[in-house]
Amino acid sequence: MSLSACTTQMALVHPKGRILQYGNRVEVQTEDEVSVKNAKIYPRGISFTANNMALVYLLDEAGARSTSDMFHDLYATQISDTLFMESCQREGQAVPTCIRLLDKARYWRTEAGVDCWVIGHVFIQQTEDGLVTVERELQQGDTFVLKTSPSNGKVRFDSRFVQMTASLGDESHMFLRSRDRRLHYSGQTKVFTVRNAGHSAGFDEEGELGIF
């Protein structure tokens, strides 16, 4: 997972799918044996499609209907690595800044065995089982929280604009929420559902369109 220095872009690579946020738009892509499914959350609503469908659908306050839209192929490149490198290059002074921040970094270990670091405005914690929590607080008071666990494949991202979770195992899934818009993908059943303004639509276990 990568978060840009300006915090308006985020990229996630997970076994159950990929997510890319850029400004007020968030794209999701999942791949399984049924189909490749894409969705985009943006001011107009949620548009979604699959590679076994001829149409793109829009879910907004009026319900679901066909539309036209384009989606990025989030599996074409390593989006998380790309975002990190491009963010560093835009800053211009990435290496000197990193050296300066690391020189001032603070580290301690709690009685519970939690390793803690403070690097600039970033607070990092790692528990003995590998759970990593990264918190970044901006000057205007907004807080971004990233959590990853290697033991169960869970990941979580929280910001004022978007909240996201994903996991492996018996409850494997990908969930995304932005204001009143939601997306849920089940890694077990392959059901892909989007919700907006009291309406729901998506693809069932067989990859067929359903409007609820």
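Assorted remarks:
- Sequence ranges 137-144, 46-53, ranked by mean other-Cβ count within 10 angstrom, highest first: 46-53, 137-144
- Gyration tensor verdict on the stretch 12-53 (Cα atoms; rounded if a/c is under 1.5, prolate if a/b is larger than b/c, oblate otherwise): oblate
- Pair-distance distribution of the chain: all C-alpha pairs, bin width 5 Å, starting at 0; shares per bin in whole percent are 1, 7, 14, 17, 18, 15, 11, 7, 5, 3, 1, 0.
- Accessible surface for the stretch 139-188, divided over its residues, is 54 Å² per residue with a 1.4 Å probe.
- Reachable lysines, given that their alpha-carbon falls under 21 Å from the alpha-carbon of K190 and they are not under 8 places away in the same chain: K16, K37, K40, K154
- Low-density loop cleavage sites - trypsin sites (Lys or Arg not before Pro) in the stretch 70-110, where at most 15 other Cβ are within 10 Å (DSSP): K104
- Gain in span if fully extended, D129 to I99, counting 0.36 nm per residue against the direct Cα distance: 7.9 nm
- Helix 79-91 and the long axis of the chain differ in direction by around 50°, with both axes built from C-alpha atoms.
- Sequence ranges 185-198, 69-82, 167-180, ranked by mean other-Cβ count within 10 angstrom, highest first: 185-198, 167-180, 69-82
- Cα-projected label distance for D204 with Q78, points at 7 Å along beta-carbon direction, nm: 4.1 nm
- Virtual paramagnetic centre 7 Å along Cα→Cβ of D32, amide N under 20 Å, in the stretch 156-191: 156, 164-177, 182-191
- For the stretch 1-88: rounded, prolate or oblate by the Cα gyration tensor [a/c cutoff 1.5]: oblate
- Positive dipole terminus of the stretch 1-61, leading residue within V56, Q21, N38 (C-beta point charges): Q21
- Site pair N52 and D158 shows an inter-label distance of 3.7 nm when each label is modelled 7 Å from Cα along Cα→Cβ.
- Percent carbon-and-sulfur accessible area, the chain, ignoring ligands, DNA and RNA, probe 1.4 Å: 51 percent
- The stretch 149-212 versus the stretch 46-77: alpha-carbon centroid distance in Å: 15 Å
- Taking the longest Cα principal axis of the chain as reference, the axis of helix 94-103 is set at about 50 degrees.
- Calculated mean residue ellipticity, 222 nm, the chain: -3500 deg cm²/dmol, from DSSP H runs (n ≥ 4) at -39500 (n - 2.57) each, averaged per residue and rounded to 500.
- Here the spin labels are modelled as points 7 Å beyond Cα on the Cα-Cβ line, and at R65 and F175 they lie 3.2 nm apart.
The values are calculated or read from the model by the stated rules, or taken from the named source; none is laboratory data. Just so we're clear, the structure is a prediction, and the values are computed from it rather than from any experiment. No Cβ is skipped: glycine too gets one built from the backbone with ideal geometry, and neighbour counts run over all protein chains shown. Surface accessibility is based on the protein's heavy atoms, side chains included, excluding ligands, DNA and RNA. Shrake-Rupley method; radii C 1.70, N 1.55, O 1.52, S 1.80 Å.
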